[in-house]
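None of the figures in this text is laboratory data; all of them are computed from the coordinates on show. Just so it is clear, the structure is predicted and the values come from calculations on it, not from any experiment. Positions of Cβ are generated from backbone atoms using ideal geometry, with glycine treated the same way; all protein chains shown enter the neighbour counts.
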Amino acid sequence: MDKRALWEKCVAFHGHECPGLTIGYRAALYAIDLLELTFSNDEQVVCITENDACGVDAIQVLLGCSVGKGNLLFHMTGKQAFSFYNRKTGKSVRLVLNKPLGELTREESFRYYHACKQEDLFTVKETKIEVPERARLFDSYACECCGETTGSNWIRLSGGKKLCIDCYQRYDRFNV
Ligand SMILES: [Zn+2]
Ligand SMILES: [Zn+2]
């Protein structure tokens, strides 16, 4: 698929063209180059994004990273920074956006983010976070208060009872 078609795909998914979407689009293409990635259908590619802005949508489209598959994770710092991991090769990279010099209008920044050379657009750094484990399956328990079932990692113990998060918080309030 050529670049134009890839961009169209991102826009279709995201719903509009914007500078932010371009940032994620360029980051994903750069990661494909640096880590020799292909579209992910098996959690081979992992992205840890440091923001939840428009660009993340392009990463989902181009790399197949998604919350549901567990290969799109959030480490919120508010930065335009993305870490990419190739599980097959163990290679990883963290891309941090370089702010354009001077004040740009929305139109100008859109054009800048599209035209800028990828080496100039991002600073390539080493990842700071270990590649996360594959999506794990947890045991599940029924909450002893509301009876609803949830994963063991969400269960809290209070007075010897296994409680879901919601019931645990309610219980806590009554005990103060
Ligand atoms: Zn947008
Ligand atoms: Zn409950």
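Mind scanning Lys79/Lys128; Lys3/Lys117; Lys79/Lys125; Lys91/Lys117; Lys91/Lys128 and naming the pairs with a C-alpha gap bigger than 20 Å?
Table pairs above 20 Å Cα-Cα are Lys91/Lys117.
Based on the mean of other Cβ atoms within 10 Å per residue, sort peptides 50-57, 93-100, 5-12 so the most packed one is first.
The packing order, highest mean first, is 50-57, 93-100, 5-12.
For Leu101, what charge total do you get from the other residues with a beta carbon under 13 Å from its beta carbon, if Lys and Arg give +1 and Asp and Glu give -1?
In short, -2.
Using a simple charge model, +1 on the beta-carbon of Lys and Arg, -1 on the beta-carbon of Asp and Glu, nothing else, what dipole does the chain show about its Cα centre, in debye to the nearest 20?
300 debye
Rank Cys47, Leu95, Asn71 by how far each Cα sits towards the positive end of the charge dipole of segment 33-147 (+1 on Lys, Arg Cβ; -1 on Asp, Glu Cβ) and give me just the farthest.
Selected residue: Leu95.
Given 0.36 nm per residue, what is the gain on full extension from Asp139 to Asp52 after removing their alpha carbon distance, in nm?
Taking Asp139 through Asp52 to full extension adds about 28.4 nm, to one decimal.
Based on the mean of other Cβ atoms within 10 Å per residue, sort peptides 17-27, 58-68 so the most packed one is first.
17-27, 58-68
Give, in nm to one decimal, the length gained when the segment between Cys146 and Lys128 is fully stretched (0.36 nm per residue of separation minus the Cα-Cα distance).
Working it through step by step, the gained length comes to 2.5 nm.
For the chain, what relative contact order do you get, as a whole percent, if you take Cα pairs closer than 8 Å and at least 6 residues apart?
In percent, rounded to a whole number, it is 17.
Among Ser158, Ser83, Ser92, determine the one that fluctuates most according to a GNM of the chain built with springs between C-alpha atoms less than 10 Å apart.
Top of the fluctuation ranking is Ser158.
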